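Q: Pasting in a structure now, in structure tokens, and then I'll have a few things to ask.
The values are calculated or read from the model by the stated rules, or taken from the named source; none is laboratory data. Being a predicted model, the structure only gives us computed values, none of them experimental. Note: ideal-geometry Cβ built from the backbone for every residue, glycine included; neighbour counts use all protein chains shown. Side chains included, ligands, DNA and RNA excluded: accessible areas come from the protein's heavy atoms. Shrake-Rupley method; radii C 1.70, N 1.55, O 1.52, S 1.80 Å.
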Amino acid sequence: MKKRTTTQVSREEMEKQAYFSRCIAEKNATFAAGKGRKPVAFVRTFGCQMNEHDSEKIAGMLEMMGFETGTGFEGADLIVINTCCVRENAEEKVFGHLGALKGLKRENPDLIIAVCGCMTEQPHIVEEIRKTYRHVDLVFGTHSLHVMPELLWRVIDGKTRVFEISKTDTEVAENVPVKRNGSVHAWVTIMYGCDNFCTYCIVPYVRGRERSRQPAAIVEEIKGLAEAGYKEVTLLGQNVNSYGKDLPEPVTFAELLDTICENTVIERIRFMTSHPKDISDELIDVMAARPAVCRQLHLPVQSGSTNLLRRMNRHYTREQYLERVRKVREKMPDVALTTDIIVGFPGETEENFEDTLSLVEEVRFDQAYTFIYSRRVGTPAAAYPDQVPDDVVKDRFERLLALQNRISREINDGFLGATVDVLCDGLSKTNSERYTGRTEGNKIVNFTASKDHTGETVKVKIDSVQTWSLEGAAVED
Ligand code: SAH
Ligand code: SF4
Ligand code: F3S
């Protein structure tokens, strides 16, 4: 097979987008002069960190176009819904919102509604929006993110509905404006797409083939973030371990991590997601050797049964997974491990499920994100005949959750009375008298302090623990 190589979207194309962005900015300036306020754009995001970061790019482009950032649907002049389709309930939520937006559009016919993200890469969803949700003006897929200015201009200037689902997936766009949500932690996408085709998963169909950014572009971005005061980055990719294979001059993920550590002063580096089949000794060694790389690993296992793992097309056995965990812990005994698990994959027997429970007992993850299997149109597993009945799945899900909650709580109990280093993100969103931050192991810590430590690493003495977080007080002198 011919090797595919990833290239960058041309400078001309990006300049064209900057031009359309200016066209919209001019219109928006006229709007502001007439109404005494800038037009408001509200972006609502569903899905994973990748989508969250894409929404930061959407917000960045909208800011360049002269939009004010909105905080809700009401009163917005432009609404963008960035969608996820990894499970059915994610899609249902989006359709629920779309239905509700019909009323807003009736009240304000000038309101522009755009839908983008993973759902809109599926032809049957696009058709449904086209036919049933006629108040939606613009639909674009994940591959068209960087051409949003042009698409939006076509809606505004041409007063027509625009549907743009491009399938080009050999390019990456650089220098898209970004408006980040935080000031301490930043997402950095290092690669797009996925080539793994796990049999339950829709992601490869909606995000396309793996495409890596150039190491130099990633290093530049992180340098800029460090200069702007950011302390922590999370490198994003569906399978970061296969980073760089598609570059004209291939680079491994471990080499990329090393280069970032060598050339930037960023304090903390995390990454997700690592596929267990590809986590190399080289990567484990770099993690162990580089203090900036957090000793935290998200390593989705999906199932503890070799039989099911084979049917899931995961390319590792239970034993191989456990061997990787042993290796990681041998090099980094204090590493925090998290995982994803699917319950009720087609054909899952009680015995298979018990294999998952015993693996969870054996590994003792700090946290596990557990999901009920959801049938996704177009994936191989959706056609498997042996789907597991709902009541059986629900019962297994509850048992797994109870087990993991107990383990998470026991691990957190071990922190009682300890003093931990916490990178402070700012005030807690739920309690304005407390600050929040994370440990190197990515545990959320809510704490009291006599002054604002945002962006600083502070010592916090833990005095109470929950299943999902730790609580305490800053040790200040
Ligand atoms: N690329 C990442 C995660 C992608 S989606 C990885 O491979 O780990 C995040 C999680 O959603 C997956 O790890 C899986 O546990 C879950 N997931 C994906 N498809 C699913 C489906 N059809 N039903 C239920 N959970 C699913
Ligand atoms: Fe989906 Fe598997 Fe790719 Fe993860 S590695 S995005 S689970 S196909
Ligand atoms: Fe969802 Fe797309 Fe992420 S399907 S999980 S938003 S890659």
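Q: Scan the range 368-420 for residues that are within 16 Å of ligand 3 (Cβ to nearest atom) and either among the aromatic types (Phe, Trp, Tyr) or over 23 Å from the mean Cα position of the chain (by Cα) (or both) and jot them down.
A: Matches in the range 368-420: Tyr369, Phe371, Tyr373, Ala381, Ala382.
Q: Here is a follow-up. Of a type in the set (A, V, I, L, M, F, W, C) and crowded, with 21+ Cβ neighbours inside 10 Å, is that true of Cys261?
A: no
Q: Now for a separate question. Taking Lys93, is it basic (Lys, Arg) and open to solvent by less than 80 Å² (accessible area, probe 1.4 Å)?
A: So Lys93 does not fit the description; no.
Q: Could you give me the residue pairs with C-beta distances under 6 Å whose first residue belongs to the range 329-347 and is within 16 Å of ligand 2 (Cβ to nearest atom), whose second residue is open to solvent by less than 20 Å² (accessible area, probe 1.4 Å) and of a type in the set (Phe, Trp, Tyr) wherever it lies, and which are 6+ apart or on separate chains?
A: Listed by first residue and then by second, the contacts come to Thr338/Phe365; Thr339/Phe365.
Q: Something else about it: Of the residues in the range 76-132, how many are of a type outside the set (S, T, N, Q) and part of a helix (DSSP H, G or I)?
A: Total meeting the criteria: 30.
Q: Further, regarding this structure: May I ask you to verify whether Ile411 is over 15 Å from Val184 (Cβ atoms), part of a helix (DSSP H, G or I), among the β-branched types (Val, Ile, Thr) and open to solvent by less than 30 Å² (accessible area, probe 1.4 Å)?
A: Considered against the rule, which asks whether it is over 15 Å from Val184 (Cβ atoms), part of a helix (DSSP H, G or I), among the β-branched types (Val, Ile, Thr) and open to solvent by less than 30 Å² (accessible area, probe 1.4 Å), Ile411 comes out as no.
Q: Next up: Name the one entry in Lys131, Lys167 that is out of contact with any strand residue (DSSP E or B) (no Cβ under 8 Å at 6 or more places or on another chain), free of Cβ contacts under 8 Å to residues at least 40 places away in the same chain, of a type in the set (Lys, Arg) and open to solvent by 10 Å² or more (accessible area, probe 1.4 Å).
A: Checking each option against the conditions leaves just Lys131.
Q: Now for a different question. What are the pairs, 6+ residues apart or on separate chains, where a residue within the range 383-397 that is in contact (Cβ under 8 Å) with a residue 24 or more places away in the chain has its Cβ under 6 Å from a residue that is open to solvent by 50 Å² or more (accessible area, probe 1.4 Å)?
A: Partner pairs satisfying both residue conditions: Val393/Ile372; Phe397/Ile372.
Q: Is at least one residue of the range 89-97 farther than 30 Å from Tyr243 by Cβ, within 16 Å of ligand 1 (Cβ to nearest atom) and touching a residue at least 60 places away in the same chain (Cβ under 8 Å)?
A: Yes, the range 89-97 has at least one match.
Q: Kindly evaluate Thr199 against the criterion of being within 14 Å of ligand 1 (Cβ to nearest atom), more than 17 Å from the chain's Cα centre (by Cα), modelled with pLDDT of 95 or more and more than 19 Å from Lys327 (Cβ to Cβ).
A: Yes; evaluated as a whole, the condition is true for this residue.
Q: Next question, about the same structure. If you take the residues in the range 226-238 that are free of Cβ contacts under 8 Å to residues at least 60 places away in the same chain and open to solvent by 10 Å² or more (accessible area, probe 1.4 Å), which one is nearest to ligand 1 (Cβ to nearest atom)?
A: Checked the range 226-238; the qualifying residue nearest to ligand 1 (Cβ to nearest atom) is Tyr230.
Q: May I ask you to list the residues in the range 38-55 that are open to solvent by less than 20 Å² (accessible area, probe 1.4 Å) and either over 15 Å from Val115 (Cα atoms) or aliphatic (A, V, I, L, M) (or both)? Step through it out loud before you land on a result.
A: Quick first cut of the range 38-55, residues open to solvent by less than 20 Å² (accessible area, probe 1.4 Å) only: 39, 41, 46, 50-51, 53-55.
If the condition is that a residue be open to solvent by less than 20 Å² (accessible area, probe 1.4 Å) and either over 15 Å from Val115 (Cα atoms) or aliphatic (A, V, I, L, M) (or both), then Pro39, Ala41, Met50, His53 are the ones that fit.
Q: While we're here: Quick check on my filter: what residues within the range 71-88 are buried (at least 20 other Cβ atoms within 10 Å of the Cβ) and away from ligand 1 (no atom under 16 Å from the Cβ)?
A: Within the range 71-88, Ala76, Asp77, Leu78, Ile79, Val80, Ile81 qualify.
Residues are listed down the side, and each one gets a yes or a no for (1) closer than 26 Å to Val188 by Cα; (2) hydrophobic (A, V, I, L, M, F, W, C); (3) in contact with a Phe, Trp or Tyr (Cβ under 8 Å, 6 or more places away or on another chain); (4) away from ligand 1 (no atom under 15 Å from the Cβ):
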| position | (1), (2), (3), (4) |
| --- | --- |
| Ile279 | yes, yes, no, no |
| Leu297 | yes, yes, no, no |
| Arg310 | no, no, no, yes |
| Asp334 | yes, no, no, yes |
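Q: Oh, and also: Could you check how many residues of the range 136-164 are within 30 Å of Tyr243 (Cβ to Cβ), open to solvent by 10 Å² or more (accessible area, probe 1.4 Å) and touching a strand residue (DSSP E or B) at 6+ places or on another chain (Cβ under 8 Å)?
A: 4
Q: Right, something else. What number of residues within the range 208-225 are part of a loop (DSSP other than H, G, I, E, B) and either buried (at least 21 other Cβ atoms within 10 Å of the Cβ) or away from ligand 3 (no atom under 16 Å from the Cβ) (or both)? Break it down stepwise before answering.
A: Keep residues of the range 208-225 that are part of a loop (DSSP other than H, G, I, E, B), which gives 208-210, 213-214.
Now drop any that are not either buried (at least 21 other Cβ atoms within 10 Å of the Cβ) or away from ligand 3 (no atom under 16 Å from the Cβ) (or both), which leaves 208, 210, 213-214.
The total comes to 4.
Q: Pick from the range 175-192 the residues that are touching a strand residue (DSSP E or B) at 6+ places or on another chain (Cβ under 8 Å) and open to solvent by 20 Å² or more (accessible area, probe 1.4 Å): which of them is farthest from ligand 2 (Cβ to nearest atom)? First the steps, then the outcome.
A: Step one: filter the range 175-192 for residues touching a strand residue (DSSP E or B) at 6+ places or on another chain (Cβ under 8 Å), giving 179-180, 182-192.
With open to solvent by 20 Å² or more (accessible area, probe 1.4 Å) added as a condition, the list becomes 179-180, 182-183, 185, 187, 192.
Values: Lys179: 26, Arg180: 24, Gly182: 25, Ser183: 29, His185: 23, Trp187: 17, Tyr192: 11 Å.
Among them, the one singled out is Ser183.
Q: Hey, among the residues in the range 265-279 that are away from ligand 2 (no atom under 16 Å from the Cβ) and open to solvent by 20 Å² or more (accessible area, probe 1.4 Å), which one's farthest from Gln404 (Cα to Cα)?
A: Among those residues, the one meeting the criterion is Val265.
Q: Can you tell me how many residues in the range 193-207 are more than 6 Å from ligand 2 (Cβ to nearest atom), without any contact (Cβ under 8 Å) to a residue 60 or more places away in the chain and open to solvent by less than 20 Å² (accessible area, probe 1.4 Å)?
A: Residues meeting the conditions: 1.
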